[in-house]
Every structure is written in C-alpha cells, then in structure tokens.
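A short write-up of the structure that comes next.
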Amino acid sequence: MADHFSLRLADSRMLAPSVRHMAFERADGTPFAFIPGQFVQVHFHYADGKPTKRSYSVATIGAGDSSPVQRVEMAVSYVDGGAATALLGNLETGQTIEASGPYGRFCLMDPDANRRYLLVATGTGVTPYRSMLPQLKVLMAARDVDVALVYGARNEDELLYGAEFEAFANENPRFQFHACLSRTPRAQPRPHDRSGHVQVALADLKPEPEHDIAYLCGNPNMVDEAFALLKDAGLPIPHIRREKYISSR
Ligand SMILES: Cc1cc2nc3c(=O)[nH]c(=O)nc-3n(C[C@H](O)[C@H](O)[C@H](O)COP(=O)(O)OP(=O)(O)OC[C@H]3O[C@@H](n4cnc5c(N)ncnc54)[C@H](O)[C@@H]3O)c2cc1C
C-alpha cells in the first residue's frame, strides 16, 4: 500500500560524473517498508505551479527479509534540462522533498523455481539489483540458483556500485558480475568483463528457456532489444520481467 511522506536528505555522494547517490530518511522518523525492486515517486511542482512527479528505484540494501529500512537510497542520473534533475541535483543535506511509495512489481517472486537469474541493466537501472542482493544471497544458498548480472556502461567511471557488485561476486561464487563496457575497457579488466552492449553479453550467456528467468531494467531501447533476444531464445514472456526508465512527466 503506497504511503505519502516527506524525505529528508541525510547523505549523498557522486557515484559517477552525472549520477548522485542520495540517502534519505523519512522526516517523521518512520522506517520505510518496501520489497527490493520497487520504486518511489518524488512529487514536486514546475515553475508554473503545475504538479508533477518522477520515479526512482530504491537502491537500499536491507536485511534480506521484509523488515523496514531506515534509509531510502536512490541513484539519480542527471538529465540535461530535467525538472527533477534540477530539484535533486541541487538538494542539500537536511532539506526535504515530498514522496510516495513503494510502487511496482519488478521484484523477485517466491514461487520461482528457475536455475538461473539473468539480471540485465544499463545506467541507474542497476539499482533494483543492488537492493535485491540480500534476497539473492538467500536464494543462492537455499536452492542453488545461479545469478548473472549483466551491466552495461560506457566506461569504468559509469559503472555504478561496481566495486560493491564485484565484492559480492567474490563472496558468492554463484553470482557473476559481467561489466559490459561499450566504449572504453577497464584499466585492469576483470575475467568476466565484456566489451560492447549488454545484448552481446546476454547472447553469450546462452539463455535457456527451461532454466532462466530474466529481469531487464533501464534504458527503454535496451529493454526492448534484450526482451526480443530472450523471446527469440524461447523464454516464456512471464519469465522476462521489465522495468523501463521512461520520464513520467
Ligand atoms: C519505474 C521507474 C524507475 C525509475 N528509476 C530511476 C532511477 O532509479 N534513477 C534515475 O535516475 N531515473 C529513474 N527513472 C527515470 C526518472 O523517473 C526520470 O524520468 C529521470 O530522472 C528524468 O527526470 P527529469 O525530471 O530530470 O527530466 P525530464 O524533465 O523528465 O526530462 C528532460 C528532458 O530529457 C529527456 N529525458 C528524460 N529522461 C531521459 C533519460 N533517461 N535519458 C535521456 N534523456 C532523457 C526528456 O525527454 C526531456 O526532453 C525511473 C523511471 C521509471 C518509470
């Protein structure tokens, strides 16, 4: 059930030249209950007073169960001339914004019995997977599921939370992190790095209709192309779950 609340900026840092990690707390001090993969909406007004809103996936790493979290974290990508970009890009620690949520069904599902998750993202589309890490850890241990995170960025500087995903992969052998760099390879390439777009790496992973469930998140063109690739590989449509980052203005 979605709730309306004020969020106060507690902390922030730049993740990439134009992406800001923002950690909020509810101004009323209430913990925030969400399912990893869900998003919040930020409500604000244009200069002419017209109300509008934008969606942001929750990036918070919780306990791995459904217990509420203290912080609502998100990665905000700056868009030239963007209205929410102006609001969130200039927000200072201690200032508040209006928000509602959680929303969305881009979540891991309990009765799934797949052998592998293919988690595909570009840009800030990787944030839902960050919040899913504790759940994935439980699933990998409970039913030996493998996870391949296929994450596309232009270069190393734009790999959001790259060190965190790499550390998680080192601790969890069933989790593979494929950084797909479309323009410049890393100064020190890792064994699972790929060059080119995520679609190429996804095809290399040989999607299996019997065993795979895929999640696609981020740039709408990437989501459409990866969806077509997986559908052509025979994955049933309910096993290809999508979240497109389109502007909701
Ligand atoms: C379910 C969902 C979850 C989302 N989660 C996130 C998230 O976690 N992090 C995040 O940064 N964004 C996320 N988005 C996108 C976000 O809601 C905004 O659309 C985005 O931040 C741009 O808002 P803005 O007000 O700054 O730009 P707007 O004022 O909406 O757009 C300004 C101009 O830029 C263009 N534009 C808008 N978005 C883009 C883009 N991505 N790339 C290039 N041009 C663009 C518009 O067409 C317009 O011309 C999500 C969207 C959805 C639907």
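The values are calculated or read from the model by the stated rules, or taken from the named source; none is laboratory data. Keep in mind the model is a prediction, meaning the values are calculated, not measured. A quick note on method: Cβ atoms are made from the backbone with ideal geometry, for glycine too, and the neighbour counts reach across all protein chains shown. Note: areas computed on protein heavy atoms with side chains; ligands, DNA, RNA excluded. Shrake-Rupley method; radii C 1.70, N 1.55, O 1.52, S 1.80 Å.
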Since THR52 meets every condition but one in (1) open to solvent by less than 40 Å² (accessible area, probe 1.4 Å); (2) within 11 Å of the ligand (Cβ to nearest atom); (3) within 29 Å of ALA214 (Cα to Cα), which condition does it not meet? (3)
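Pull up region 199-224, narrow it to residues that are more than 20 Å from ARG115 (Cα to Cα) and more than 16 Å from the ligand (Cβ to nearest atom), then point me to the one that is least open to solvent (accessible area, probe 1.4 Å). Spell out how you get there, then give the answer.
Here is the first cut: in region 199-224, the residues more than 20 Å from ARG115 (Cα to Cα) are 199-200, 217-224.
Now restrict to residues that are more than 16 Å from the ligand (Cβ to nearest atom): 199-200.
On the way: GLN199: 33, VAL200: 78 Å².
Taking the candidates together, the pick is GLN199.
Can you pull out every residue in region 88-137 that is surrounded by fewer than 17 Cβ atoms within 10 Å (Cβ to Cβ), modelled with pLDDT of 95 or more and more than 10 Å from the ligand (Cβ to nearest atom)? Outline the logic, then answer.
Of region 88-137, the ones surrounded by fewer than 17 Cβ atoms within 10 Å (Cβ to Cβ) are 89-90, 92-96, 98, 100, 103, 105, 109-113, 115, 134.
Next, only the ones that are modelled with pLDDT of 95 or more stay: 89-90, 92-96, 98, 100, 103, 105, 115, 134.
ASN90, GLU92, THR93, GLY94, GLN95, THR96, GLU98, SER100, ARG105, ARG115, PRO134 - these are the residues of region 88-137 that are surrounded by fewer than 17 Cβ atoms within 10 Å (Cβ to Cβ), modelled with pLDDT of 95 or more and more than 10 Å from the ligand (Cβ to nearest atom).
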Scan region 217-245 and report the pairs whose first residue is under 16 Å from GLY125 (Cβ atoms) and whose second residue is away from the ligand (no atom under 13 Å from the Cβ) and open to solvent by 40 Å² or more (accessible area, probe 1.4 Å), with Cβ atoms within less than 7 Å and a gap of 6+ or a chain change. ILE240/LYS231
Out of (1) within 13 Å of the ligand (Cβ to nearest atom); (2) in a loop (DSSP other than H, G, I, E, B); (3) under 24 Å from PRO51 (Cβ atoms), what's the single condition that is false for THR85? (2)
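Can you tell which of VAL72, VAL76, VAL58 is within 6 Å of the ligand (Cβ to nearest atom), modelled with pLDDT of 95 or more, under 18 Å from TYR161 (Cα atoms) and not small (Gly, Ala, Ser)?
Answer to the selection: VAL76.
Having 2 or more residues that are under 23 Å from LEU230 (Cβ atoms) is the bar; report the strands (runs of 3 or more DSSP E) wholly within region 94-179 that clear it. Break it down stepwise before answering.
Working: elements: 96-103, 116-122, 146-153.
The strands (runs of 3 or more DSSP E) meeting that bar are 116-122, 146-153.
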